[in-house]
1. Which condition breaks for I47 when tested against (1) touching a helix residue (DSSP H, G or I) at 6+ places or on another chain (Cβ under 9 Å); (2) free of Cβ contacts under 8 Å to residues at least 24 places away in the same chain; (3) closer than 20 Å to S109 by Cβ?
2. Taking the conditions exactly as written (under 18 Å from G50 (Cβ atoms), part of a helix (DSSP H, G or I), open to solvent by less than 30 Å² (accessible area, probe 1.4 Å) and in contact (Cβ under 8 Å) with a residue 12 or more places away in the chain), does L126 satisfy them or not?
3. Considering only the range 55-108, state which residues are over 19 Å from A30 (Cα atoms), open to solvent by less than 60 Å² (accessible area, probe 1.4 Å) and assigned to a loop (DSSP other than H, G, I, E, B).
4. Search the range 155-183 for residues that are farther than 16 Å from K2 by Cβ and pair each with any residue that is modelled with pLDDT under 90 and aromatic (F, W, Y) when their beta-carbon atoms are under 6 Å apart and the residues are at least 6 apart or on different chains.
5. Can E44 be described as surrounded by fewer than 17 Cβ atoms within 10 Å (Cβ to Cβ) and in contact with a Lys or Arg (Cβ under 9 Å, 6 or more places away or on another chain)?
6. In the range 109-123, which residues are assigned to a helix (DSSP H, G or I) and within 16 Å of Q51 (Cβ to Cβ)?
7. Counting just the residues of the range 15-32 that are touching a residue at least 60 places away in the same chain (Cβ under 8 Å) and assigned to a helix (DSSP H, G or I), which one comes out surrounded by the most Cβ atoms within 10 Å (Cβ to Cβ)?
8. Take the residues of the range 145-164 that are hydroxyl-bearing (S, T, Y) and touching a strand residue (DSSP E or B) at 6+ places or on another chain (Cβ under 8 Å): which is farthest from G8 (Cα to Cα)?
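The values are calculated or read from the model by the stated rules, or taken from the named source; none is laboratory data. Since this is a predicted model, take the numbers as computed values, not measurements. All Cβ positions, even for glycine, are placed from backbone atoms using ideal geometry, and neighbour counts span all protein chains on display. SASA here: full protein model, heavy atoms, side chains in, ligands and nucleic acids out. Shrake-Rupley method; radii C 1.70, N 1.55, O 1.52, S 1.80 Å.
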Amino acid sequence: MKNVLVTGYRAHELNIFGQKHPGIVYIRKAITAKLVQLAEEGLEWVISPGQYGVDLWACEAAIAMKKQYPHLKIAIITAFEHPEENWKEDKKEYYHQILEGIDFYETVSRQPYDGPWQFKARDDLLFRKTDGIILVYDEETGEGSSARFYKERALKKQQEEEYGFLSISTEDIQNLADEEASGWSDEGMDIS
């Protein structure tokens, strides 16, 4: 994969209502693990819809990876102008910090929110411009309308043409947290 779409749940769908939630660290770690694997295989672009939640945490993970993978580029493509306009101040500040670290920003519709057609146009573009998806989604966790939609669309595209599909479940994220809590890592137990 040269270009990967990374998306999944919005923060509120995971009952995360602030940047200090401990689960965010493990979500970023799970995304980073998938991105590192792809970067080692020639990944060039990480592309995100830029909504508050998995989208922005993925951008944050990719930005951190640029030290080790300087060729990696990050893009946010939104459905409409100023999606952060009605967000709380701390979320707006976080969004603008992420925007400073990415390589490309564009909006599909150069106007404020006008209707669902803007999301459809954005998603059509995202699927056209990417070779695969990393999706944080879990059937058992809850529906998550946008995440479920991305899964269905990605699997359909995978059947019709070569489109990569990598999934991160809540179980994957929980396993990372459990490993860290128990002192286990890829290198074995930390006995210090």
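1. Failing condition for I47: (2).
2. For L126, the condition - under 18 Å from G50 (Cβ atoms), part of a helix (DSSP H, G or I), open to solvent by less than 30 Å² (accessible area, probe 1.4 Å) and in contact (Cβ under 8 Å) with a residue 12 or more places away in the chain - is met.
3. P83, E84, W87, I102
4. Every condition considered, no pair remains.
5. Yes; evaluated as a whole, the condition is true for this residue.
6. Q118, F119, K120, A121, R122, D123
7. Per the criteria, the residue is I27.
8. Taking the candidates together, the pick is Y163.
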